[in-house]
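> This is the structure I want to talk about, given as structure tokens.
The values are calculated or read from the model by the stated rules, or taken from the named source; none is laboratory data. Keep in mind it's a predicted model, so treat the numbers as computed, not measured. Counting neighbours? That spans all protein chains shown, and the Cβs are built from the backbone with ideal geometry, glycine included. When the accessible area is computed, the model is the full protein with side chains, heavy atoms only, and any ligands, DNA or RNA have been set aside. Shrake-Rupley method; radii C 1.70, N 1.55, O 1.52, S 1.80 Å.
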Amino acid sequence: MGHVVMTIVFVVTALLTCACMSASDDRLLVNMTLVRNAGSLGAYCLDGSLPAYHIHLGFGAGANNWLLQFEGGGWCNDIESCAERAQTRRGSTCLMTKLETFSGILSNNASRNPDFYNWNRVKLRYCDGGSFAGDSKFDNGTLLLYFRGQRIWQAIIEDLQPKGLGSADKALLSGCSAGGLASYLHCNNFSNYLPDTTAVKCLGDAGFFMDAPDISILHTQRTFFQQLVTLQGIEPNLDENCTSSISDPKQCIFPQYLLKHITPPLFILNSAYDVYQFHHILVPPSADPHGHWNRCKLNPKACSADQISRLHAFRFEMLTAVRSFLFNSSSGGVFINSCFAHCQSESQDTWFAPDSPLLLNETIAESVGDWYFSRNVSKKVDCRYPCDTTCHNLIGAA
């Protein structure tokens, strides 16, 4: 398928935003902010620690605009895996790095992030294991686990509102991977926290997880998500319009079923050969017990003709799932390339750099900017692998 398609100023700013530059390079490092009043909402990480975010204040023309980025990092769908996760940085802010590098869509450098560099940029740390959507807990008298992602989301938003979010002119909710899924799940809800005058839009990066059969014709990801929704009490927080229109409400955690119910303008950023989905949805370990796909997973050039055909078929399923949105949404944006990648908005080399991936001669940053500011129609779908020579592939060679 073809293409469809300064020093004083800096020091003051750094101090005001609890940020600093690394001594070894020009990375922007931003300090963690704990949500001190989160306990009053019962908003806790898996282990009971307080949720957190990192914020770098906007300036100039972007001072009243806000970009919120959900951190990603997979999920836990049973007590054993959640108990393990609670003892890591994915389940406890006590174990997280207190400084986060802001790059790509979070960069404050106009030459690296031309449209959002001067916005208030916030990274929401991920510690609930349920894409910020659960509202439950497990307590057997020995082990206590909090599944409070929905409350964490609420607590962070309420903490940011008096800091300026509550009177934002423009707002963009984005995220990567499990955080990209969170941006789909919370897009409608996000607009409810903001004035009617705020231009609210959402971006899902590598969050369009497919409800598709694996190579053994089993729906491994569907089963995983059903267990996740049940364990973490996510179903009541899924979009009501979606859950009332489908036979199994739990399916509304999949963006392909939720998509038509999302009201604010939405941008879908994904690879048609997303590495996570390749390795966990199309070819999960359970579907390939003898490792016939191992070499292909490490390097697409090592894939057999049949394996490439299956990858192309998975791409076709994704394009089919977004087809109506692609052709009928007047406010939507799309950038689906054919790179073996996963998350392309936070990495500088894939977001906006001299050798970044391109579609119709535009980077991801330029395409997202065109969409957000309505400068141009921004819907681009790549041709099939291996046609795109601009890819930054996470596995194998380009």
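> Take the range 26-43 and flag every residue that is farther than 13 Å from T93 by Cβ and in a loop (DSSP other than H, G, I, E, B).
D26, R27, N37, G42
Rundown of residues vs (1) buried (at least 21 other Cβ atoms within 10 Å of the Cβ); (2) closer than 20 Å to Q344 by Cβ, yes/no style:
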residue	(1), (2)
C176	yes, yes
S191	no, no
F209	yes, yes
S216	no, no
Q232	yes, no
Q251	no, no
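For (1) modelled with pLDDT of 95 or more; (2) under 23 Å from Q256 (Cα atoms); (3) over 18 Å from the mean Cα position of the chain (by Cα); (4) surrounded by fewer than 18 Cβ atoms within 10 Å (Cβ to Cβ), each residue gets a yes or a no:
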position	(1), (2), (3), (4)
S304	yes, no, yes, yes
H312	yes, yes, yes, yes
L319	yes, yes, yes, yes
S330	yes, yes, yes, yes
G333	yes, yes, no, no
A341	yes, yes, no, no
V381	yes, yes, yes, no
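> OK, next. Failed condition for S345, given (1) over 21 Å from K260 (Cα atoms); (2) assigned to a helix (DSSP H, G or I); (3) under 20 Å from the mean Cα position of the chain (by Cα), with all others met?
Evaluating S345 over (1) over 21 Å from K260 (Cα atoms); (2) assigned to a helix (DSSP H, G or I); (3) under 20 Å from the mean Cα position of the chain (by Cα) leaves (2) as the failure.
> Sticking with this structure for a sec: Is the range 195-207 home to any residue that is touching a His at 6+ places or on another chain (Cβ under 6 Å), within 30 Å of F314 (Cα to Cα) and modelled with pLDDT of 95 or more?
Checked the range 195-207: at least one residue is touching a His at 6+ places or on another chain (Cβ under 6 Å), within 30 Å of F314 (Cα to Cα) and modelled with pLDDT of 95 or more.
> Mind checking which residues of the range 280-333 are among the acidic types (D, E) and closer than 26 Å to K380 by Cα? Before you say what the answer is, go through the steps one by one.
Of the range 280-333, the ones among the acidic types (D, E) are 288, 306, 317.
If the condition is that a residue be among the acidic types (D, E) and closer than 26 Å to K380 by Cα, then E317 is the only one that fits.
> A further question follows. Can Y184 be described as open to solvent by 50 Å² or more (accessible area, probe 1.4 Å), within 28 Å of S81 (Cβ to Cβ) and of a type in the set (F, W, Y)?
no
> Can you pull out every residue in the range 66-101 that is assigned to a strand (DSSP E or B) and open to solvent by 10 Å² or more (accessible area, probe 1.4 Å)? Talk me through it step by step, then tell me what you get.
We begin by selecting, within the range 66-101, every residue assigned to a strand (DSSP E or B); these are 66-70, 99-101.
If the condition is that a residue be assigned to a strand (DSSP E or B) and open to solvent by 10 Å² or more (accessible area, probe 1.4 Å), then L99, E100, T101 are the ones that fit.
> In this structure, is A14 more than 22 Å from the chain's Cα centre (by Cα) and modelled with pLDDT of 95 or more? Lay out the reasoning, then the answer.
Numbers: more than 22 Å from the chain's Cα centre (by Cα): yes; modelled with pLDDT of 95 or more: no.
Taking the combined requirement at face value, the residue does not satisfy it.
> Also, quick follow-up: Just the residues that are open to solvent by less than 30 Å² (accessible area, probe 1.4 Å) and not small (G, A, S), please, taken from the range 349-379.
Across the range 349-379, the qualifying residues are T350, W351, P357, L359, T363, I364, V368, D370, W371, Y372, K379.
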